[in-house]
Amino acid sequence: MGRYPLFADLSGLPVLVVGGGSVAERKAAALLDAGARVRVGAPQLHHALAQWAAEGRIEHLEGEFRPAWLEGVWLVIAATDDRAVNAEVAVCAGARRIFANVVDDPGLSRFQVPAVIDRAPLTIAISTAGAAPVLARRLREKLEAELDHALGPLVALAQRHRPAIAHRLPDLAARRRFYDWLHDGPVMALMRNAQPGRAEQVLLEALREPAPARVPTGSVVLVGAGPGAPGLLTLQALRALNEADVILHDQLVSPQILALARRDAERVDVGKRGGGTHTPQEHVHHLLLEHAQAGRRVVRLKGGDPFVFGRGGEEMEFLRKHGIAFEVVPGITAAIACAAYAGIALTHREHAQSVRLLTAHGKGSLDTMDWPALAQDSQTLAVYMAVGQLETLTANLLACGRAADTPFALIENGTRPQQRVLRGALRQLPALARQHAIGAPALLIIGKVAAMADDNAWFGTLLHDRGAA
């Protein structure tokens, strides 16, 4: 090991930053966050540093570097753009046995400032000993995506009750199992759900039990996978996939997203795909209950958002009724994502002051729609699962007064590499969709804003009829 890692408690201690630019500003900010008394030595200060000096948050030592600045400080950071000055700071600090860091110059440094993942009081530091700081930052970004922000409050809770845990569980193996339970069980879930009071209550109840935390507790996370592009998956969804024992997924969830899940997780295709055969909802409920009651962590992975035409509400109510702990991780719904990837703004102050999200799945859905209201201008219609109902949709809107030249955009495989955007006028919709063999999954946008795709489409293929509005 080339460097000895340590975490320094700088609370109330004087430290020195030499340099007054933007780099020095970043270093001073981190030191202030650590509670240090920061002195900044430089002829002039960057605007934020000057503001902090005026507010008394830092002390400004004006002028060129002088060795006397090092008197009484515990460490120093040299952050000037002059290597000779930085070298002088490092030599003078070494003579006084003060640890010095020279920014971007590991050869002159006695310590390096690591890339930090902050989940206070949990802190993770990554260092390449100054050899490749960009790679350290890249690794930090990767870990940031996987480490839950609830870890900090969980560590603080465990710290607060550490004496009681040690007293209740003197056996180290039993204590390790208890801490595993804290992370994997309901306490962490409650912390993640911003319910620290209930989390603490569950912990205390577990400590009072004869054999605390030995029974596995299952749970379900209803996760929105977004429209298909892996890059649009949320960080919280990715964490849930990495923690899952079982994943019940729809057919619309792309293989690229499933590949991000834990390798040994059981994957079950429950076949929810608009316009085709699918697993009955009752069977999905049965699988959720079976796996959760067996103590497994279950992810119910849905395309788009589980609460927008995804039956997430039904599944949530079923889980609550049967006493199964659950969480919800929203996904980017298709209307927002597909429109953006087609260069379409769903609202526009000149063309559309409202958006309606509709589903055309099944004849019954169309029969219950308020067609006169939908035919009104100055609004955008975003219709899910519409491919099989284009004839009826078009006929009803035209019959109720929607202009025949109203622009539409039919977005097939939105956000995926095979995305196609069909543009035309409402009167042409069914014929153009047949001509270009548009298939599911596809999202239909009707309204003046749909014409924005003509100039702003930036992803996939644009199929534009010459007579389009």
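Quick notes
- Ellipticity estimate at 222 nm from DSSP helix runs (n ≥ 4, -39,500 (n - 2.57)) divided over the chain, nearest 500: -10500 deg cm²/dmol
- The stretch 73-130 and the stretch 163-240: distance between their alpha carbon centers, rounded to Å: 38
- Each Lys and Arg contributes +1 and each Asp and Glu -1, all at the Cβ; summed about the Cα centre of the stretch 219-332, the dipole is approximately 140 debye.
- For the stretch 151-208, a crude dipole built from +1 on the beta carbon of Lys and Arg and -1 on the beta carbon of Asp and Glu, taken about the Cα centre, is about 100 debye to the nearest 20.
- Only one residue of Asn193, Thr359, Gly56 has its Cα farthest out toward the positive end of the dipole of the chain, where Lys and Arg carry +1 and Asp and Glu -1 on Cβ, and that residue is Asn193.
- Summing Lys and Arg as +1 and Asp and Glu as -1 over all other residues whose Cβ lies under 13 Å from the Cβ of Val85 gives a net charge of -3.
- Taking trypsin sites (Lys or Arg not before Pro) across the stretch 319-426, the ones in a DSSP loop with at most 10 further Cβ atoms lying within 10 angstrom of their Cβ are Arg349.
- Estimated translational D of the stretch 14-113 in µm²/s (Stokes, Kirkwood radius over Cα pairs; 10 °C; 1.306 mPa s): 122
- Dipole in debye (nearest 20) - the chain, about Cα centre, beta carbon charges: Lys, Arg +1; Asp, Glu -1: 760
- Charge tally in the Cβ shell below 10 Å around Met191, where Lys, Arg are +1 and Asp, Glu are -1, Met191 excluded: 0
- Measure of compaction for the stretch 61-195 (Cα Rg per 2.2 N^0.38 Å): 1.50
- The residue list Ala100, Phe65, Val85 was ranked by how far each Cα lies along the charge dipole of the stretch 43-152 toward its positive end, using unit charges on Cβ atoms, and Ala100 comes out on top.
- For the chain, the alpha-carbon coordinates run over 87, 63, 38 Å along the three principal axes, in decreasing order.
- Among the chymotrypsin sites (Phe, Trp or Tyr not before Pro) in the stretch 29-100, those located in a DSSP loop and surrounded by at most 16 other Cβ atoms within 10 Å of their own Cβ are Trp74.
- Folded to 0 to 90 degrees: helix 172-184 orientation relative to the chain principal axis, Cα: 50
- Neighbour count of at most 16 Cβ within 10 Å plus DSSP loop: longest GluC sites (Glu not before Pro)-free window in the chain: 72-349
- On a per residue basis, the convex hull of the C-alpha atoms belonging to the stretch 342-464 measures out at 89 Å³.
- Farthest towards the positive end of the charge dipole of the stretch 296-421, among the residues Ala340, His322, Ala404, is the Cα of His322, using unit charges on the Cβ of Lys, Arg, Asp and Glu.
- FRET efficiency for the Phe99 to Gln293 pair, using the beta carbon distance and R₀ = 35 Å, is estimated at 0.05.
Since every read-out is calculated from the coordinates, none of them should be taken as a lab result. Bear in mind that the values here come from a model prediction, so they are computed numbers and not experimental data. With ideal geometry, Cβ positions are generated from the backbone for all residues, glycine too; neighbour counts draw on all protein chains shown.
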